[in-house]
Amino acid sequence: MRRHLLLLACLALAGIALWLSGVWLRGYHIAILTLAFLADYLTPEKYQAVTLDQAWHHWWQIGDGQRWNLYLHDSTLQHVTLAYAQFAGMVIILTGAFLFPWRTMKLRASTVHGSAHWANLKDARILLKDRGKKAAMQSQIPLGMYKGQQLVLKEKQIEEHVLIVGPSGKGKTAGIIAPGILSERGNRSLVIIDPKQELVRLTAGAVSQSMQIWLFAPTQPEHSHHYNPLTHISSMEEAEEFATCWVSNTGRSSDPFWDRNTELLITAVVLHLRDTEPNASFSRLADILTGSSFADIEALFEASPSVRAKKTAAAFLKNLKLNEKTAGGVMTDIAGRFFRLQNPKLAAVTATNDIDFNAMIEQPTAFYLSIPASAAERLQPLTACLLMQMFTAFVNRAEKEPQGQLPRGITCYLDEFANAGKIPQMAQKISMLRSTKVGLILAIQNYAQLDALYGSESKETILSNTTTHIVLPGTGQDEAEFYSRRIGTTTVIGQSMNKNAQQQSESWSQGQQEIGRRLIMPEEIRTMKKGEMLLLTDTIAPIKFRNIPYYQSQLIKRTNPQFQYPRVNEEHRTYEALTTPSENQQKEDSELAHEMLKESGAKQPSIILEREKCTYNRQTLSPD
Ligand SMILES: Nc1ncnc2c1ncn2[C@@H]1O[C@H](COP(=O)(O)OP(=O)(O)OP(=O)(O)O)[C@@H](O)[C@H]1O
Ligand SMILES: [Mg+2]
């Protein structure tokens, strides 16, 4: 397009130059007068009776002065001559352009070594922000700017899962997760892992305007909803799944015999409790498993009215009855795995249950899991169980729907996903969730985290089942190499120096040849500038875009009233909204806002300082 415009401009200029040369420069008058003759001759009213030969003869006979006079006093003739001059100029330039050896000047590479290329706007159109009324109702996670357009992740990409890879401090939370949550429209429910307890503060105020908020914060029982894993177990499979999850997150033994027996015993006790004490707190399970000898366990199952518990325990008891020492070893092992539940805060938040995963489908809900990094490892068994039970509940519910999809989509912002512990059969779960309208946005620091948790095979499945990958600067060598290879090779024209060793003297000649080159080298990925990110999906060419973090975007300024932590009435298990921030809260928030302002170097105070009050409503769910 630009080349065409340039060519047109050249043509116009050439025409004008030709005309000027004819009018003002005596030396070129012949050219212009020849054109004038043609113009004159071709005017229909004139010279109709004479031939071109006769007219030409007459034109040159009248003399130079008269010819010139004729031309200068006939404005129509001048205009027509100008048109002819332009036409002639155009023909000359076009012929020149056609004959000019463009190809030798700039070779266009073929695709012989590879055809990798960056996406153009046409390729990337499915990721450009939709506008209009309908689009305003949909969740579009803003990513940043690409070729002057706003790049977003739409529901389709979210439901096919997203993986964000980047080391600490490169913008996983501030650049993608926080802007994403702030852009939610209340049509989908959200699950948000908040590893630094910053997301609830930054986003819950805005989110609470369009959906109900749940908060599970085991380190802050005074604000936290209660979650009792036992309440979510009804079948034998669910009890087994829970036992596997708990054992996986409290350390696997080198000999599977120990783990198998531990899992059997946990499954049996869970089933016993579900059948005999449906309202049992989670710490009741811990009490039984940490405070019983092998003989106590034997007596418990002998007296248990639960047939399925008895059946499960029979296998365990049969294994261990013969060897007292081994039985003692298994009991000690189990006690160690439930020891951490003795913590009073943990016992408090797991005593009853007011989390109902199905309610998230009925009503738009944002469920924050506020798990501080310092307690993440200690809480891994609980967090992993919660996520596992939640995914199972979503998949089971979707299976009951005619389309196999949940009536309401759910977006899971799983920041620092690796800190959430090992979710059993995550590789299968992630592919099952794909078709249910549950989208996972997994943020990790590197692949080694997935490898350590799930092993290399499951890691590969997780990587291939997350269709969109976002790569941040500073990634490790393995990740940079992986993405460089995945983006592929392109063909470029390279310069080469050839040695001519003919005759006595040596000479060098310069040549051009096609060579293959990675579209982006691993070191170019690692050393991207802060704020630059790579986006890869399965259907479009790679995109390198400029990310806009929440603190530089208009989003937070527009939409973020302050969130008030709920106050829990322990006696009735109800939550009350606070209408005014407490003094401590105010102080803490203004300190945070001050720090953020200092960090960002912003001159204007941000909206975080200009609080709006927001109310907090939730329906209390009675324990099972
Ligand atoms: N409000 C703010 N103003 C200015 N800079 C900020 C603000 N919030 C975060 N940053 C900066 O943005 C960068 C990205 O922070 P972010 O918390 O998103 O990193 P991250 O990739 O999530 O890292 P981590 O794994 O440690 O959570 C950091 O350098 C941080 O200092
Ligand atoms: Mg973060």
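Looking at the structure I just gave you, is N353 touching a residue at least 24 places away in the same chain (Cβ under 8 Å), over 30 Å from T411 (Cβ atoms) and not aromatic (F, W, Y)? Show your work before the answer.
Details: touching a residue at least 24 places away in the same chain (Cβ under 8 Å): yes; over 30 Å from T411 (Cβ atoms): no; not aromatic (F, W, Y): yes.
So N353 fails the test.
Regarding segment 55-68, can at least one residue be identified that is within 26 Å of T539 (Cβ to Cβ) and surrounded by fewer than 13 Cβ atoms within 10 Å (Cβ to Cβ)? The answer is no; no qualifying residue exists. Exactly one residue out of P344, P364, P305 is touching a residue at least 60 places away in the same chain (Cβ under 8 Å) and either of a type in the set (G, A, S) or more than 16 Å from L264 (Cα to Cα) (or both), and it is P364.
A quick yes/no check of all residues on (1) among the aliphatic types (A, V, I, L, M); (2) under 21 Å from A420 (Cβ atoms); (3) within 16 Å of ligand 1 (Cβ to nearest atom):
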residue	(1), (2), (3)
T461	no, yes, no
S464	no, yes, no
G474	no, no, yes
S507	no, no, no
I520	yes, no, no
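Within segment 394-415, the set of residues being over 28 Å from K172 (Cα atoms) and assigned to a helix (DSSP H, G or I) comprises N396, R397, A398, E399, K400. Are any of the residues in segment 421-444 within 16 Å of ligand 2 (Cβ to nearest atom), on the phi < 0 side of the Ramachandran plot and among the polar types (S, T, N, Q)? Within segment 421-444 (the criterion being within 16 Å of ligand 2 (Cβ to nearest atom), on the phi < 0 side of the Ramachandran plot and among the polar types (S, T, N, Q)), the answer is no, since none of the residues qualifies.
In summary, helices (runs of 4 or more DSSP H) completely within segment 142-233 and bearing 1 or more residues that are within 16 Å of ligand 2 (Cβ to nearest atom), of a type outside the set (S, T, Y) and crowded, with 20+ Cβ neighbours inside 10 Å occur at 178-182, 199-207. Considering (1) more than 30 Å from G205 (Cα to Cα); (2) without any contact (Cβ under 8 Å) to a residue 60 or more places away in the chain; (3) open to solvent by 10 Å² or more (accessible area, probe 1.4 Å), the lone condition that G329 does not fulfil carries the number (2). The set of residues in segment 370-393 being more than 16 Å from ligand 1 (Cβ to nearest atom) and under 21 Å from S168 (Cβ atoms) consists of R378, L379, Q380, T383.
Please enumerate the residues belonging to segment 216-230 that are under 28 Å from L271 (Cα atoms) and either at pLDDT below 95 or of a type in the set (F, W, Y) (or both). Please lay out each step first, then the result.
Narrowing segment 216-230 to residues under 28 Å from L271 (Cα atoms): 216-218, 221, 224-230.
F216, A217, P218, P221, S224, H225, H226, Y227 - these are the residues of segment 216-230 that are under 28 Å from L271 (Cα atoms) and either at pLDDT below 95 or of a type in the set (F, W, Y) (or both).
From the residues in segment 234-277 that are under 19 Å from T332 (Cβ atoms) and not in a helix (DSSP H, G or I), which one is modelled with the highest pLDDT? Only one residue tops the list, namely N249.
The values are calculated or read from the model by the stated rules, or taken from the named source; none is laboratory data. Fair warning: this is a prediction, and the values are worked out from it, not measured in the lab. Because the Cβ atoms are built from the backbone with ideal geometry, glycine has one as well, and the counts that use them run over all protein chains shown. Keep in mind that these areas ignore ligands, DNA and RNA; they rest on the heavy atoms of the full protein, side chains included. Shrake-Rupley method; radii C 1.70, N 1.55, O 1.52, S 1.80 Å.
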